[in-house]
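Read-outs: derived from the displayed coordinates by stated rules, not from any lab. Predicted, not measured: the structure shown is a model, and the values here were computed from it. Glycine also receives a Cβ, built like all others from the backbone with ideal geometry; neighbour counts cover every protein chain displayed.
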Amino acid sequence: EAGVAQSPRYKIIEKRQSVAFWCNPISGHATLYWYQQILGQGPKLLIQFQNNGVVDDSQLPKDRFSAERLKGVDSTLKIQPAKLEDSAVYLCASSPYNEQFFGPGTRLTVL
Amino acid sequence: GQQLNQSPQSMFIQEGEDVSMNCTSSSIFNTWLWYKQDPGEGPVLLIALYKAGELTSNGRLTAQFGITRKDSFLNISASIPSDVGIYFCAGQGAQKLVFGQGTRLTINP
C-alpha cells in the first residue's frame, strides 16, 4: 500500500515570498492533517480536514497560511507571505479513523 | 493549550543497554501513542495504548498508559544501533494529536 506522498521534499525561499506544499493521502483515508514541526520540537497541528471540510484550524495562522482539500483527496498548504519563523518541516498525515500515517514532510527554509 | 512534557530530552547509551523515557500531561487523554522519527522522515507509530493501566509490548518495546490517564512511559530493552532516532509521545483526544518535545536517542557501539 502506498504511503502519504508529499512534494516538494525541500524548499528554500526568501522572506515575503509565497510557497505551496502538496499532499496526497493514502487512498480511502477520509481525514487529512497538516502539521508544522520546528527543529527540536514535536509536530504541531495546523489544520484537520474530514473529507473536504475543515474540522479544526484553530492553530493555523490564518493571516498568512491557507489550506484546501477541494475534492476530499489531495490537499495543498500555502504560506503567503513567508516569515523567517516559518522555517520548519511541514508534515501531512492521513487517517482512516484513529491511527495517523505520516508523510516524509517538506523541509522549508526561509532566508 | 494542552502540553506534554517528555523526558529526558536526549539520551546517550551503549549498545545493549535498556532505555526508559516518559511523558506527562496536565490533561487527560483517551489514547497514548509512541512514535519514532528518523532523519528526513515523518513519525512512524510504534505502540498505541487505549486503556488506563494498559501495558503493551511490541518486540523489544514496552509502553504503559498511566492509571491517571495523564502519563505514559516507553521502555526499549537491549538497544541496537537501528534504535537511534527521536521518540515522541503523543496524547490523542477527539482524533487530535498533541505531541511531546521528543527524546533523542544516541547509541554508542
Let me spell it out: the conditions are (1) surrounded by 15 or more Cβ atoms within 10 Å (Cβ to Cβ); (2) not in a loop (DSSP other than H, G, I, E, B), and A:Val54 meets all of them except one. Which number is the exception?
(1)
When only residues in segment B:94-106 that are facing chain A (nearest Cβ under 10 Å) and touching a residue at least 60 places away in the same chain (Cβ under 8 Å) count, which is surrounded by the fewest Cβ atoms within 10 Å (Cβ to Cβ)?
B:Arg104
Can you find a residue that is under 25 Å from A:Tyr35 (Cβ atoms) and touching an Asp or Glu at 6+ places or on another chain (Cβ under 6 Å) anywhere in segment B:87-103?
no
Quick check on my filter: what residues within segment A:38-47 are surrounded by 22 or more Cβ atoms within 10 Å (Cβ to Cβ) and either at the interface with chain B (Cβ under 7 Å from one of its Cβ atoms) or within 14 Å of B:Tyr87 (Cα to Cα) (or both)?
A:Gly42, A:Pro43
Considering only segment B:19-37, state which residues are in a loop (DSSP other than H, G, I, E, B) and away from chain A (no Cβ under 12 Å).
B:Ser26, B:Ser27, B:Ile28, B:Phe29
Just checking, how many residues over segment B:1-18 are under 12 Å from the mean Cα position of the chain (by Cα), more than 21 Å from A:Leu46 (Cα to Cα) and more than 10 Å from every other protein chain (Cβ to nearest Cβ)?
2
Hey, among B:Gly53, B:Gly40, B:Gly91, B:Gly16, which residue is part of a strand (DSSP E or B) and either in contact (Cβ under 8 Å) with a residue 12 or more places away in the chain or not basic (Lys, Arg) (or both)?
B:Gly91
Please verify whether segment A:72-89 includes one or more residues that are more than 14 Å from chain B (Cβ to nearest Cβ), closer than 30 Å to B:Leu105 by Cβ, touching a strand residue (DSSP E or B) at 6+ places or on another chain (Cβ under 7 Å) and hydroxyl-bearing (Ser, Thr, Tyr).
yes
Identify, please: which residue in segment A:92-111 is hydrophobic (A, V, I, L, M, F, W, C) and farther than 14 Å from A:Pro8 by Cβ and is, among those, surrounded by the fewest Cβ atoms within 10 Å (Cβ to Cβ)?
A:Leu111
